[in-house]
Amino acid sequence: MFLEERRNNILDYLDKYERVSVAYLATSFAVTKETIRSDLNVLAQLGLVQRCHGGAIVIRRSLQAKLITETDGTFEVLLRRLESQKRKVPERGKNMRGKVCILGSFNVDIVARVARFPKGGESLLALGSTLGPGGKGANQAMAASRAGAQVHFVSKVGKDQFSQFAFDHLSSSEIHSFTLYQSETEPTGNAIIYVSQQDGENMIAIYSGANKTITDEEVTAIAPELAGADVLLLQLENNFNATLNAMKLANALGIRVILNPAPYSADALQCLEYVDVITPNETEASLLSGVEVTDLNSAREAAQRIAGLGARRVIITMGARGAMILEGSQFQHIPAFPALSVDTTGAGDAFNGAFAAAIATGQTIAQAATYAAAFASLAVEREGASNMPQHQQVVARLSQR
Ligand code: RIB
């Protein structure tokens, strides 16, 4: 194998696994450790890898990692530098495992399963109750991971009994890596959820807590992870400034941005210029567009209005009615997959996580939305917002169509 091919193979390996030892590479390529060390030194000089202590392990770092240290973490300075580096960000091949960076919330979900929703002032006995991991960001990170993406999840919790719970959940999950900040002042976010036994519908009250305290410095610090991603996926459960800055950073790095504007906030309208795909559900689309979405025709009209406000691509998710895509001037309706719904909590998260994972592998919007619709149809058949199906189950459901 020629030297250049070997070095490219080393970079490919690091793209996939992030770490490698000199000994492993020497054995794999049937060369001496000295040869590998010299390869790694050259790659390090080019800014493509970082040597670790002892020289036995390397971590692939992008050029942006260096930029961050040089800018002392100042967000605006970093943005300007990255803009000038934009074209140097490598395009990813279509067949690689997609990399998705997700900035979003972690909540503790306290769920009561009820025969029906209680009325105001009424006390109702619940049929069952659970306490588990949730938050749109964390749920989407689970979904994207199960859909096969290599996910880096960024979130913030408090310094309370639930922060360890968050850490344990994330570290024992299939999520590849995460950055978990801790707030000194705000508690871990939580959500009180009713799930109706009648049809699996839900009602949710969210206390965002620490999710709303992500600082500029904390966003700046994730630039290396972002630089290695194909897609950035965000929602609206964090302080909007952090969400907006992460989008700006992704734009500066040439990384696609998917915004799930949930829960609805008019803030979403401020950031459409940075977003490649916006994915409101019927309620959010109605609020964003001023058109009440009740059927496919009104969904088309709402999507058109949202595009008129500056969105490049719109996907309106409509549960059993499927999803409406608007790309350029083309509409496409993706029918829903039939499902036996027991809990719709997190259905949107399932769709968004799976969609981002599919987009990150190079699928078209329509292909990715079809995959995501199949994924979400399986998610509503399971209890718990973060309880996501496996990729193989999705493949089986897709093959039934
Ligand atoms: O989308 C469902 C999620 O919304 C729940 O897990 C809850 O925490 C809220 O963020």
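Please treat every number below as a calculation from the coordinates, not as lab data. None of the values given here were measured: they were computed from a predicted structure. Heads up, the Cβs are rebuilt from the backbone with ideal geometry, glycines too, and the neighbour counts pull from every protein chain shown.
Listed values, structure above:
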{"quantity": "Length-normalised contact order for the chain - Cα pairs under 8 Å, 6+ apart - percent", "calculated": "15 percent"}
{"quantity": "Shape box of the chain [Cα atoms, principal axes, largest first, Å]", "calculated": "73, 50, 44"}
{"quantity": "Size of charge dipole - segment 180-335 - debye, nearest 20, with Cβ of Lys, Arg +1 and Asp, Glu -1, no other charges", "calculated": "420 debye"}
{"quantity": "Amide H within-cut-off set for Arg256, under 5 Å, with H built and near neighbours excluded", "calculated": "Leu232"}
{"quantity": "Dipole of the chain [Lys/Arg +1, Asp/Glu -1 at C-beta], most positive-end residue of Gly128, Met203, Asn41", "calculated": "Asn41"}
{"quantity": "Estimated FRET transfer efficiency when R0 is 45 angstrom, pair Met1-Ala221 (beta carbons, to 0.05)", "calculated": "0.75"}
{"quantity": "Counting DSSP beta bridges with both ends in segment 191-313, the antiparallel % (nearest 5)", "calculated": "40 percent"}
{"quantity": "Length added when fully stretched, Lys33-Ala126, from 0.36 nm per residue minus Cα-Cα", "calculated": "27.1 nm"}
{"quantity": "Euclidean distance between Cα centres, segment 246-270 to segment 309-354, Å", "calculated": "18 Å"}
{"quantity": "Other-chain or far-sequence residues with amide H under 5 Å of Val49's (modelled H)", "calculated": "Ala44, Arg61"}
{"quantity": "Approximate shape of segment 1-48 as ellipsoid semi-axes (Cα gyration tensor, √5λ), whole Å, largest first", "calculated": "14, 12, 11"}
{"quantity": "FRET efficiency estimate (nearest 0.05) - Cβ-Cβ, Glu201 to Gln367, R0 25 angstrom", "calculated": "0.30"}
{"quantity": "Arg305 paired with Asn41, simple spin-label distance in nm, labels 7 Å along Cα-to-beta-carbon", "calculated": "6.5 nm"}
{"quantity": "Whole-angstrom Cα spans of segment 323-367 along principal axes, big to small", "calculated": "35, 22, 14"}
{"quantity": "The chain: calculated mean residue ellipticity at 222 nm from DSSP helix runs of at least 4, using -39500 (n - 2.57)", "calculated": "-12000 deg cm²/dmol"}
{"quantity": "Proximal aspartates and glutamates relative to Lys212, as straight alpha-carbon distance under 18 Å, when same-chain residues fewer than 8 apart are discounted", "calculated": "Asp109, Asp160, Glu184, Glu186, Glu237, Asp267"}
{"quantity": "Length released on extending from Ile192 to Ser172, taking residue separation times 0.36 nm less the Cα-Cα span", "calculated": "4.8 nm"}
{"quantity": "Under Karplus coefficients 6.51, -1.76 and 1.60, residue-wise ³J(HN,Hα) of segment 122-134 in Hz, glycine/proline x", "calculated": "8, 9, 10, 6, 7, 7, x, 8, 9, 10, x, x, x"}
{"quantity": "Förster radius 30 Å - calculated FRET efficiency between Thr179 and Thr283 (Cβ-Cβ, nearest 0.05)", "calculated": "0.45"}
{"quantity": "Whole-Hz ³J(HN,Hα) from phi, Karplus 6.51 cos²θ - 1.76 cosθ + 1.60, for segment 329-338, glycine and proline x", "calculated": "10, 9, 9, 9, 9, 9, x, 6, 8, x"}
{"quantity": "Relative compactness, segment 278-401, computed as alpha-carbon Rg over 2.2 N^0.38 Å", "calculated": "1.00"}
{"quantity": "Beta bridge orientation in the chain: antiparallel %, DSSP, nearest 5", "calculated": "50 percent"}
